[in-house]
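Visitor: Here you go, one structure.
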Amino acid sequence: MQKLKEQIIKFGIVGFLCFFIDYGIMTGLIELFGVDKLIASGISFSVSVIVNYILSITVVFDADKEANKAGQFVVFLILSIIGLGINQLIMWAGTAWLDVYMKRSYMLVKIFATGVVMVYNFITRKIFIEKH
């Protein structure tokens, strides 16, 4: 149980770091370069996935050191693409609904989407990435 608590704390720290990478890139692309919010969200999410993979297998999860790294990354990538789909669906639906009430609703929606995807990521990575 102690190991799980430590893992959740490490996952949270890595998650916050990757969130700031994701959120910062997304906001910069939208506000500084006028990139569409869904495209910017997809780009920023993708960059944060790479950082998250490296930190997840080195710091958070007890990944199998003998495992095929390419195969491990493919599994991680597939799980992340599903997470991206969840992220994009929440961004699309949330901004479509909230844009009626507030300007820059994407900022609030992104926080909610990140929370949902974070829970999904921990559960799926624990199942598929960690050595059993």
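Visitor: Angle between the Cα long axis of helix 2-33 and the longest principal axis of the chain, 0 to 90 degrees, nearest 10?
Guide: 30
Visitor: Still on this structure, please answer the following. So what does log10 I(q)/I(0) come out to for the chain at q = 0.17, 0.18, 0.19, 0.22 Å⁻¹, using the Debye formula with one equal point on every Cα and no solvent?
Guide: One equal scatterer on each Cα of the chain leads to -0.87, -0.95, -1.03, -1.28.
Visitor: How tilted is helix 105-128 with respect to the longest principal axis of the chain? Cα atoms for both, answer in degrees (0 to 90, nearest 10).
Guide: The helix 105-128 is inclined about 20 degrees to the chain.
Visitor: Something else: Once every DSSP H run of n ≥ 4 in the chain is given -39500 (n - 2.57) and the sum is divided by its residues, what mean residue ellipticity at 222 nm do you get, rounded to the nearest 500 deg cm²/dmol?
Guide: After summing the helix terms and dividing by the residues of the chain, the value is -28500 deg cm²/dmol.
Visitor: Determine Rg/Rh for the stretch 8-86; Rg is computed over alpha-carbon atoms and Rh is the Kirkwood hydrodynamic estimate from the same atoms.
Guide: 1.03
Visitor: Shifting gears a bit: Using alpha-carbon pairs under 8 Å, 6+ residues apart, how would you state the relative contact order of the chain in percent?
Guide: Values: 100 pairs, mean separation 37.2, N = 132.
Taking the mean separation of contacting Cα pairs over the length of the chain, I get 28 percent.
Visitor: Three principal axis extents, largest first, for the C-alpha atoms of the stretch 65-132, in Å?
Guide: 52, 17, 13
Visitor: When ranked by the protection proxy of mean other Cβ atoms within 10 Å per residue, highest first, what sequence do the peptides 91-99, 41-49 form?
Guide: So the order, starting with the most tightly packed, is 41-49, 91-99.
Visitor: Can you list the HN-Hα couplings for the stretch 55-67, worked out from phi with the Karplus curve (6.51, -1.76, 1.60; θ = phi - 60°), rounded to whole Hz and with x for Gly and Pro?
Guide: Calculated HN-Hα couplings, in order: 6, 5, 7, 9, 10, 8, 9, 7, 5, 5, 5, 8, 5 Hz.
Visitor: Using only Cα atoms, find the angle between the long axis of helix 69-98 and the longest principal axis of the chain, and express it within 0 to 90 degrees, rounded to the nearest 10.
Guide: Long axis of 69-98 versus the principal axis of the chain: about 30 degrees.
Read the figures in this text as sums done on the coordinates, not as results from a lab. As the structure is a prediction and not an experimental result, all values here were calculated from the model. Virtual Cβ from ideal backbone geometry, glycine too; neighbours counted across all protein chains shown.
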